[in-house]
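Reviewing the structure listed below.
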Amino acid sequence: MPRVKQNTLLLITGLIWLTASFILLARAYSWIEFLSSSQLKFATVLAVFLALIKIYLVFHKLNIKNIERIKSYRDPKISIWEFHILKDKLLILLMVAMGIALRHTPFIPKYALLPIYLGIGIAMFYVWILYLTNFIKTFRTVETYHW
C-alpha cells in the first residue's frame, strides 16, 4: 500500500476531487450546444441550486470528516487507500454508477443532464477548495510540511 505524509494525502485527495469535477464540468459543457440561451440560463440557475443542495446535504460534512480524519492520524505516513471508510467508498461507487446509468439511458436527453452534471461538478470543485485550503494551512508552520 502506498503511504504518504498527511499534507500530501490532503493534496492527492483534493486533486482527485478536482479531476472528477473537471470531468463532470467538461461533459456538461459538451451539451451546451443543445440548449437555447434561455434554456442555458435556466439550466445554470438549476445547476447552482443543485450544487448548493449537494454541498449542504452531502459533500461539506463528508469531506470535513475526511479532512479531520486525515489530520488526526499520528503515524508519519498514511495509506492513500485506507483512510476512507467503507461508507465513503460505497458512496463514490454509487455516484459513478448513477452517472454512467444516467448518461446511457435512452429516456433522458443529454441536454437534460447538463444541470445535474454541472451542479455536481460545481459541488466537487467546492470540495477541492476545502482540501486545497487545508493543504495550504500546512505551510503555516514549516516544520509540519514534508513531502
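None of the figures in this text is laboratory data; all of them are computed from the coordinates on show. For clarity, every value in this text was computed on a predicted model and none was experimentally measured. Every residue, glycine as well, gets a Cβ built from its backbone with ideal geometry; the counts of neighbours run over all protein chains shown.
Some points to look at:
- Extension gain, K41 back to F83 (0.36 nm per residue minus Cα-Cα distance, nm): 11.1 nm
- The gain in end-to-end length when the I100 to D75 segment is fully stretched comes to 5.3 nm, 0.36 nm per residue minus the alpha carbon separation.
- Among (i) 54, 29, 24; (ii) 60, 36, 27; (iii) 43, 30, 27, the entry that matches Cα extents along the principal axes in Å as calculated here: (i)
- With the simple model of a label 7 Å out from the Cα in the direction of the Cβ, I12 to L90 spans 2.5 nm.
- Total lysine pairs under 25 Å (Cα atoms) in the chain, excluding pairs fewer than 8 apart on one chain: 29
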